[in-house]
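The following block contains the structure, expressed as structure tokens.
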Amino acid sequence: MPKTLPFVGFGSMIPKVFLYNTLTKKKEEFHPLHVGEVKMYSCGPTVYDYAHIGNFRSFLVSDLLTRVLRYAGYKVTKVQNITDVGHLTNDGTADAGGEDKIAHKAAQEKVDPFAIARRYEDAFVEDEKLLRILPPEHRPRATEYIAEQIELAQTLIKEGFAYEVNGSVYFRTKKFKNYGKLSGNNIEDLVAGARVEVNDEKKDPMDFALWKKAEVNHLMQWKSPWGMGFPGWHAECSAMSTKLLGLPFDIHTGGEDNIFPHHECEIAQNECSNHGHKSVNYWLHVKHLQVNGEKMSKSKGNFYTIRDLLEKGWKGDEIRYALLNGHYQTALNFTFDSLEMARNSIARIREAYRIFKDRAREAQPDEFSQNSSEKFKTTLCDDLNTADALSVVFELMKQGMRLREEADLSPEQASSIVLFLEKDFDVIFDILKGNEKTISPEKIKEIEQKIKERNEARNNKNWAQADEIRDELLAEGIELVDEKGKTVWKPQ
Ligand SMILES: [Zn+2]
């Protein structure tokens with residue numbers, strides 16, 4: 001006899017997700033290529049310096065999108081690359097010019113460019129952790145996919161979309177009729193607006209480099225069928241996304257400054273190397289971050305890295321909250337007041353969580369938070385509307401607190417709010433718990449034993465020994481506080 005499976009509810013149904021697609025210039029319902037699965041690629045950092053908070057807004061939105069899709073029920077595979085070669089200093093023109101950003105820094109500091117790249121890659125990963133950004137499934141480095149980039153250039157030559165000249169390979173932009181479909185730029189306007197790099201060896205000023213010939217003293221170069229050289233930045237992202245996700249894939253994200261030329265060129269490369277097929281269904285771009293109402297720039301003194309803010313006493317979770325508290329399609333204005341507000345909001349949420357948890361004790365949750373949970377989910381699935389989703393959270397907390405003041409909040413209701421905060425809210429915002437170090441039960445026993453010894457020393461008026469024990473614990477990051485005749489400890 002087959003066993004009857006118990007009814008498990010409708011929890012496994014994936015709600016509708018809507019995203020603003022730069023390609024179609026409208027908010028669209030998201031349909032994955034494979035049921036229940038999402039493959040996405042996010043342009044990662046160019047590792048020649050510390051990433052600034054504007055960069056991190058974009059990485060946080062990519063993290064938000066991943067979390068919302070998983071929360072909605074999708075299995076998500078995310079690739080976020082490390083650009084450790086090929087990103088040139090003049091990157092706003094259709095075909096970038098200038099120096100390689102990493103090689104430039106390496107020459108300035110007189111160190112190996114790979115040492116520069118690894119140094120800032122490590123710093124980037126550390127900053128990501130501080131902001132509680134989940135690591136991607138794959139973090140490919142451009143320098144480890146040189147063969148794939150050469151192969152892409154070869155395919156494009158074979159298909160008639162690229163040509164070699166003097167050791168460099170260029171993409172024949174005008175041959176791709178859809179060039180401009182993402183950014184809305186058309187070729188004539190680009191040429192007229194001088195957003196092209198003039199270079200005598202190219203057949204047309206609009207053509208862009210897939211592979212560049214390296215001068216003898218160029219610090220980063222590889223062997224290729226066209227001699228020693230290095231890849232173009234746009235070719236890197238096409239090669240890595242194709243290799244790790246396959247074409248087509250579902251979502252590509254980046255900052256709005258990536259739309260042109262970077263992503264426009266990626267589309268051209270992908271489609272022309274893949275028989276004209278569409279390569280990415282949804283392009284999601286994050287608007288610029290302003291600081292104190294102005295564009296962030298070093299000369300204006302409003303340019304901040306995560307480290308700058310930590311030095312000023314702010315914490316990673318506060319930066320996370322401040323940067324997520326605004327829709328990615330609007331130019332968020334980052335101020336110290338917004339950080340202060342984030343700090344207060346986090347404190348309020350944590351305090352409420354503690355109070356509800358205390359009230360709930362062992363009680364089973366009832367349905368008190370169910371509506372909020374559904375509303376929270378549909379709001380986030382509606383193009384990642386974090387501001388409205390946070391309103392849902394504060395509204396529920398207010399209701400709970402009001403009932404508590406009226407001595408009317410049941411343990412079951414409190415338990416339901418706790419469940420919502422843990423299983424809905426924090427799955428996305430990830431700020432419920434502070435960065436306190438976790439302390440093992442053995443360590444706790446050891447601390448308590450030392451407190452006992454200290455109390456004995458104090459009873460025997462052996463102040464030196466008592467102080468010694470206190471200082472010993474302090475050196476391990478454990479602070480002792482004597483209050484109301486009792487000694488309590490807390491991690492620093
Ligand atoms: Zn990219």
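Would you mind telling me which numbered condition in (1) in contact with a Phe, Trp or Tyr (Cβ under 9 Å, 6 or more places away or on another chain); (2) more than 16 Å from the ligand (Cβ to nearest atom); (3) at pLDDT 95 or above K203 fails?
Unmet for K203, out of (1) in contact with a Phe, Trp or Tyr (Cβ under 9 Å, 6 or more places away or on another chain); (2) more than 16 Å from the ligand (Cβ to nearest atom); (3) at pLDDT 95 or above: (3).
A follow-up question, please. Could you grab me the full set of residues in segment 37-57 that are closer than 22 Å to I116 by Cβ and either acidic (D, E) or outside any loop (DSSP other than H, G, I, E, B) (or both)? Steps first, answer last, please.
Of the residues in segment 37-57, the ones closer than 22 Å to I116 by Cβ are 43-56.
Of everything in segment 37-57, those that are closer than 22 Å to I116 by Cβ and either acidic (D, E) or outside any loop (DSSP other than H, G, I, E, B) (or both) turn out to be T46, D49, H52, I53, G54, N55, F56.
Looking only at segment 326-341, count every residue that is among the small types (G, A, S), touching a residue at least 24 places away in the same chain (Cβ under 8 Å) and touching a helix residue (DSSP H, G or I) at 6+ places or on another chain (Cβ under 7 Å) and tell me the total.
The initial filter retains those residues of segment 326-341 that are among the small types (G, A, S), namely 326, 331, 338.
So of that shortlist, the ones also touching a residue at least 24 places away in the same chain (Cβ under 8 Å) come out as 326, 331.
Restricting the remaining residues to those that are touching a helix residue (DSSP H, G or I) at 6+ places or on another chain (Cβ under 7 Å) gives 326.
Residues meeting the conditions: 1.
Exactly one condition in (1) surrounded by fewer than 17 Cβ atoms within 10 Å (Cβ to Cβ); (2) in contact (Cβ under 8 Å) with a residue 60 or more places away in the chain; (3) within 23 Å of the chain's Cα centre (by Cα) is false for P135; which is it?
Of the numbered conditions (1) surrounded by fewer than 17 Cβ atoms within 10 Å (Cβ to Cβ); (2) in contact (Cβ under 8 Å) with a residue 60 or more places away in the chain; (3) within 23 Å of the chain's Cα centre (by Cα), the odd one out for P135 is (2).
With within 15 Å of Q80 (Cβ to Cβ) and within 16 Å of the ligand (Cβ to nearest atom) as the only criterion, which of L247, L284 stands out?
On the way: L247 fails: within 15 Å of Q80 (Cβ to Cβ).
The unique qualifying residue is L284.
Kindly indicate whether any position in segment 287-294 is within 16 Å of L152 (Cβ to Cβ) and more than 12 Å from the ligand (Cβ to nearest atom). Show your work before the answer.
Let us first name the residues in segment 287-294 that are within 16 Å of L152 (Cβ to Cβ), namely none.
Taking every residue of segment 287-294 in turn, none turns out to be within 16 Å of L152 (Cβ to Cβ) and more than 12 Å from the ligand (Cβ to nearest atom).
When you check N344 against the structure, is it over 23 Å from the mean Cα position of the chain (by Cα), within 16 Å of the ligand (Cβ to nearest atom) and outside any loop (DSSP other than H, G, I, E, B), yes or no?
Working: over 23 Å from the mean Cα position of the chain (by Cα): yes; within 16 Å of the ligand (Cβ to nearest atom): no; outside any loop (DSSP other than H, G, I, E, B): yes.
No: the conditions fail for N344.
Residue-by-condition table, conditions (1) more than 16 Å from the ligand (Cβ to nearest atom); (2) over 30 Å from L310 (Cα atoms):
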| site | (1), (2) |
| --- | --- |
| A96 | no, yes |
| R118 | yes, no |
| L131 | yes, no |
| R141 | no, no |
| I150 | yes, yes |
| V169 | yes, yes |
| E188 | yes, yes |
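Going by what's in this entry, would V61 be described as part of a helix (DSSP H, G or I), under 14 Å from the mean Cα position of the chain (by Cα), within 16 Å of the ligand (Cβ to nearest atom) and at pLDDT 95 or above? I'd like the intermediate steps shown before the answer.
Working: part of a helix (DSSP H, G or I): yes; under 14 Å from the mean Cα position of the chain (by Cα): yes; within 16 Å of the ligand (Cβ to nearest atom): yes; at pLDDT 95 or above: yes.
So V61 passes the test.
Let me spell it out: the conditions are (1) over 24 Å from I102 (Cβ atoms); (2) buried (at least 23 other Cβ atoms within 10 Å of the Cβ); (3) within 16 Å of the ligand (Cβ to nearest atom), and H263 meets all of them except one. Which number is the exception?
It fails just one condition, (1).
Another one. In segment 15-48, which residue that is modelled with pLDDT of 95 or more and polar (S, T, N, Q) is nearest to the ligand (Cβ to nearest atom)?
Top of the filtered list is S42.
The values are calculated or read from the model by the stated rules, or taken from the named source; none is laboratory data. As the structure is a prediction and not an experimental result, all values here were calculated from the model. Every residue, glycine among them, receives a Cβ derived from its backbone with ideal geometry; neighbour counts consider all protein chains shown.
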